[in-house]
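Reading through the structure tokens given below for one structure.
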Amino acid sequence: MGIASELLKLDDVKVYSNGLIVFKKSGSEVCGKKIIKVSNIITSINDLSEQEVLKYLKTYFNSLNLGFPVEVRAIFKPLDKERVVSELNKKIQNLLITIDVNPSNVKAKTDLDRLVKFKDRIVRHGIQPYDVLAYYVVEACSGSEEDVIKLLNTRASLLMKTLESLGVMTNELKGVEGRALLQMFFRGHTYGLYDLLIRLLRWRYSLRIASPLLAVFNPHIISMRTKFDLRSAGIYLGFNILTSEDVYWNVEKCLNPHVLVVGPSGIGKTETLITVLVRMCSTYSTKVFVVDVKNEYRDRLLRRGHEVGVVNLGVEVGLGINHLMRLIPKSFRATYLTEMVSDSMLLGSDKEVTATLYRVFSEALEFVEDNYSNFWGVIKDVVSSVDDEYVQYRLMRMVNTVESLDRGTPLINAVSGSGPITIVNMSNISMLGVDYLNLSMSVFFNTIQLLYMSNVSENHVPKVQVVVDEAWQFLLHKVPLLLKLLKLGRGYGVSIALATQSLYDLGGLSKEYIENAGLLIALPSPDMMYWKDLSKYMRVSYDEIRDYSLLLGKGDALIRILPDPRPIPLRLDHEV
Ligand SMILES: Nc1ncnc2c1ncn2[C@@H]1O[C@H](COP(=O)(O)OP(=O)(O)OP(=O)(O)O)[C@@H](O)[C@H]1O
Ligand SMILES: [Mg+2]
């Protein structure tokens, strides 16, 4: 995504022709926006019912929740009535001939019906035909122009890929169109000559800016393209109980590469995760890391005949926080460390303690410069000079434990040199308590982020999959860490596979977790409430829920592959 030539340089605004504008905000903050254009608006009226369209749109918009603001803009472009009618007449004639030749052609009949109605609306009711031009706008702010451009391009590329998996094709803007749109959307930021240009363009094409909601409520911009090959290639899951069809999970075509397995104790969640991870590894050559708090994966994978590497965290391998520091830009180190520790809730939500910790880290980091050999010693020295005795006591306790977990082979070294399937055994850490487990998880995810999430992925094939069984342990405090990874992961080719017992484990964030799971696997439960809760996320009626709760037994599942919200009753295949 190259940066096009700069077109306009005013004191505080720069406009680029590829749909990018950068402007200075207050102080040293530089902000920017970038527009991308939807290229495959489908003007035909498809045969979805109104409710289906609403359900589809909901899934569609929730899936755009990428962790940064995305605006949708739409423009009506009136079309020449006579030309549209003459084209419609031609198409209608052709369809009549097709039906004459083959009277059982259902598709041609539906198309004909649709076109006749469309023509009626124009001719009989005098409705103006129009084309809809739809655009998406991403925003970003940062300290320098270079960073803003980089961020905008990364975000635009992420958005384009997400939209593509939904069947919405987009392009970058080019030349005049880019300039014109920037003017239209960012008036107030640019002046003079360009205002005139846009007035001319508007007059020339009689464009009219429509409510941003139009694109949202115009279902025709969403094609059904991806729906059909979603379940016919990729990872084999099992067969459809009702139709006997084989069902695959096509990760490349799916909305995102994440998996969520839910089901009561002992129903087969771990077994299901193992099947998914093994096939992810063999189908897409994905490197897999399993966060194992029960130390059960090694034996279970070996029993199935798979070689695994084991990283025993807290035994011979330590968190290696001091080694991570070198990979982080100097100015971010204190914030990074503080966030990593506060993600774990080791310090509760006490703002004063957290603020003091930040000061301690800043001071210590300045002192150690690039020599991290006595990192924790320096931190302890700084902690002992904290005035408030209670804060000092809490910090010292925390630092002592983190230091003890930091010893041994650094996690980053153990992880970067590992084979296709690596088990990160956290069973020793879990004995220390949930806070330490969360801290280890936070460090582990940061390690993955530093190692594998520096470049936006070119395609939808996951490079890395992180499996988190017993995810409720990490969700107890509603730590948004996993959610952050789900949102970020897809653009960087990192898949997250979670298993948990009930939707309640996901707390207030359950909706977001479920909507960010490309593949949802619900294992059966005798509890009707469980199915009722699930029905909010799968398109099932109450009667169907009753049927499924009776029909499905151990080894079966009800699955959903986004963006298709329809559930598939499945007999899972765990054979290797
Ligand atoms: N499809 C299946 N057919 C036969 N046995 C199965 C199947 N799925 C799982 N099992 C067996 O059932 C037992 C429980 O499975 P598993 O450990 O995967 O369940 P779980 O949901 O992860 O349980 P927990 O909540 O305790 O972690 C295991 O012994 C497993 O081998
Ligand atoms: Mg289990």
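Between Arg121 and Phe367, what length in nm is gained on full extension when 0.36 nm per residue of separation is reduced by their alpha carbon distance?
Values: separation 246, 0.36 × 246 = 88.56 nm, distance 7.53 nm.
Answer, rounded to one decimal: 81.0 nm.
Expressed as a fraction of 2.2 N^0.38 Å, the rule-of-thumb size for a compact globular protein of N residues, what is the C-alpha radius of gyration of the stretch 80-128?
Numbers: Rg = 11.6 Å, N = 49, 2.2 N^0.38 = 9.7 Å.
Compactness ratio reported: 1.20.
Whole-Hz Karplus ³J(HN,Hα) for the stretch 283-297, in order, using 6.51 cos²θ - 1.76 cosθ + 1.60 and θ = phi - 60°, x for Gly and Pro?
Ordered by residue, 3J(HN,Hα) equals 6, 10, 6, 6, 7, 10, 10, 10, 7, 10, 8, 9, 6, 10, 6 Hz.
Under the rule of at least 5 residues apart or a separate chain, name every residue whose amide H is placed under 5 Å from the amide H of Gly318.
Thr409, Leu411
Using the Cα atoms as the points, what is the convex hull volume per residue of the stretch 436-557 in Å³? Intermediate results must be reported in sequence, preceding the final value.
Numbers: hull volume 13.7 nm³, N = 122.
That works out to 112 Å³ per residue.
Please compute the modelled spin-label separation between Val315 and Lys536, points set 7 Å along Cα→Cβ, answer in nm with one decimal.
4.1
Convert each backbone phi in the stretch 236-253 into a coupling constant with the Karplus relation 6.51 cos²θ - 1.76 cosθ + 1.60 (shift: θ = phi - 60°), then list the ³J(HN,Hα) values in order as whole Hz, x for Gly and Pro.
Going residue by residue, I get 6, 10, x, 10, 5, 4, 7, 10, 6, 5, 6, 10, 10, 10, 8, 4, 5, 9 Hz, with x marking Gly and Pro.
Just the number please: accessible area per residue for the stretch 80-128, 1.4 Å probe, all protein chains included, in Å². Walk me through the numbers on the way to the answer.
On the way: 3720 Å² over 49 residues.
Per-residue value: 76 Å².
Kindly provide the pair-distance distribution of the stretch 321-406 built from C-alpha pairs, with 5 Å bins from 0 and whole-percent values in order of increasing distance.
Going out from 0 Å in 5 Å bins, the stretch 321-406 shows 3, 15, 29, 29, 18, 6, 1 percent.
Using modelled amide H (1.01 Å from N, peptide plane; none on Pro or chain starts), what sits under 5 Å from the amide H of Val290, excluding residues fewer than 5 places away?
Thr422, Ile423, Val424, Val467
For Thr170, list long-range residues whose amide hydrogen, built 1.01 Å from N in the peptide plane, is under 5 Å from its own amide hydrogen.
Counting only residues 5 or more places away or on other chains, the set is Ser39.
Label the stretch 340-478 by shape, choosing from rounded, prolate and oblate, from the square roots a ≥ b ≥ c of the eigenvalues of the Cα gyration tensor; if a/c is under 1.5 it is rounded, and otherwise prolate applies when a/b is larger than b/c, oblate when it is not. Don't jump to the answer; show the numbers that get you there.
Working: a/c = 2.01, a/b = 1.59, b/c = 1.26.
Verdict is prolate for the stretch 340-478.
Residue by residue, what Karplus-based ³J(HN,Hα) values in Hz, rounded to whole numbers, does the stretch 451-459 have, using 6.51, -1.76 and 1.60 with θ = phi - 60° and x for Gly and Pro?
Whole-Hz 3J(HN,Hα) from phi for the stretch 451-459: 7, 10, 10, 9, 10, 5, 6, 6, 9.
If R0 is 30 Å, what FRET efficiency do you get for Thr110 and Glu512 from their C-beta distance, rounded to 0.05? Don't skip to the end; give the middle numbers.
Values: r = 37 Å, r/R0 = 1.24.
That pair, Thr110 with Glu512, gives E of 0.20.
The values are calculated or read from the model by the stated rules, or taken from the named source; none is laboratory data. Worth saying up front: this structure is predicted, and the values here are computed from it rather than measured. Cβ sites come from the backbone with ideal geometry, for glycine too, and all protein chains shown count toward neighbours. Accessible surface areas use protein heavy atoms only, side chains included; no ligands, DNA or RNA. Shrake-Rupley method; radii C 1.70, N 1.55, O 1.52, S 1.80 Å.
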